[in-house]
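Remarks on the structure that follows.
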Amino acid sequence: MTKVKSLTTGDIAQYCDVNLRTVIRWIDKGSLQGYKLPGRGNNRVTVDNFVAFLKENKMPVPAELLSKNKTILIVDDEENMANAIKRVLKKGGFTCDTASNGFLAGSKLMEHKPALMTLDLTMPGLNGFELLKHLRAEDQFKDLKVLVISALTQDRLDEALALGADAVLSKPFKNDELLSLVNKLTH
């Protein structure tokens, strides 16, 4: 089991440049989810809860608290295309896994918790549009970045954006364009 890093109210006060009492009020009001240590009752907040609080309140997230997750799930039923995307991303320093359909993507998402998923829209079974709808309806995947990579028309790509894709890229794509988009979405 990995240790969840926690922050003190003092740490949070420094990050937000506010008084310690302000942080305690946020916790007491329930705006910032924290917990009390047994014994003395000092407050602690997990890094994940603090980052969620910052994003929710449109406050900047300190770089050192941003996720260092470099895992990408590539969802495409065309093996050659999936391998091409994988080659580019691995050269860019990412760890990649592939899924050949929407159902397999679901189980791999649970297993690997990637920072980003590339998604083809036309696949047998559960297609990219359906998978996108499902992901955006689930709380656990609401922050997952989704880059749609498809040869469909711009209207269909716009439809994917409306369903919650973070960005779209037309096939065929330029390798540097793919890497640039993935870097932008994961930072």
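Of all residue pairs spaced 6 or more apart or on separate chains, those with beta-carbon atoms under 7 Å, a first member in the stretch 108-136 that is at positive phi and a second member that is surrounded by fewer than 22 Cβ atoms within 10 Å (Cβ to Cβ) and modelled with pLDDT under 90 are G125/F103.
Confirm whether F173 is of a type in the set (F, W, Y) and part of a helix (DSSP H, G or I). It would help to see each step written out before you state the result.
Working: of a type in the set (F, W, Y): yes; part of a helix (DSSP H, G or I): no.
Against the criterion (of a type in the set (F, W, Y) and part of a helix (DSSP H, G or I)), F173 does not qualify.
Exactly one residue out of A82, A105 is at pLDDT 95 or above and part of a helix (DSSP H, G or I), and it is A82.
With respect to the conditions (1) under 24 Å from the mean Cα position of the chain (by Cα); (2) within 30 Å of D120 (Cβ to Cβ); (3) not charged (D, E, K, R), M59 falls short on a single one, namely (2). Annotation: of all residues in the stretch 10-29 being among the charged types (D, E, K, R) and within 15 Å of P62 (Cβ to Cβ), the one that is surrounded by the most Cβ atoms within 10 Å (Cβ to Cβ) is D11.
Considering each of L54, L73, L32, L7 in turn, give the residue that is surrounded by 12 or more Cβ atoms within 10 Å (Cβ to Cβ) and either charged (D, E, K, R) or in a loop (DSSP other than H, G, I, E, B) (or both). Give the steps one after another, and end with the answer.
Values: L54 fails: either charged (D, E, K, R) or in a loop (DSSP other than H, G, I, E, B) (or both); L73 fails: either charged (D, E, K, R) or in a loop (DSSP other than H, G, I, E, B) (or both); L7 fails: either charged (D, E, K, R) or in a loop (DSSP other than H, G, I, E, B) (or both).
L32 is the lone residue from the list that is surrounded by 12 or more Cβ atoms within 10 Å (Cβ to Cβ) and either charged (D, E, K, R) or in a loop (DSSP other than H, G, I, E, B) (or both).
Residue under question is K90, and the condition is that it be touching a Lys or Arg at 6+ places or on another chain (Cβ under 9 Å), without any contact (Cβ under 8 Å) to a residue 12 or more places away in the chain and either assigned by TED's automatic domain parsing to the domain that holds V168 or surrounded by fewer than 20 Cβ atoms within 10 Å (Cβ to Cβ) (or both); does it hold? So K90 fails the test.
The values are calculated or read from the model by the stated rules, or taken from the named source; none is laboratory data. Note that the structure is predicted; figures quoted are calculated from it, not measured. Here Cβ is always computed from backbone atoms with ideal geometry, including for glycine, and neighbour counts include all displayed protein chains.
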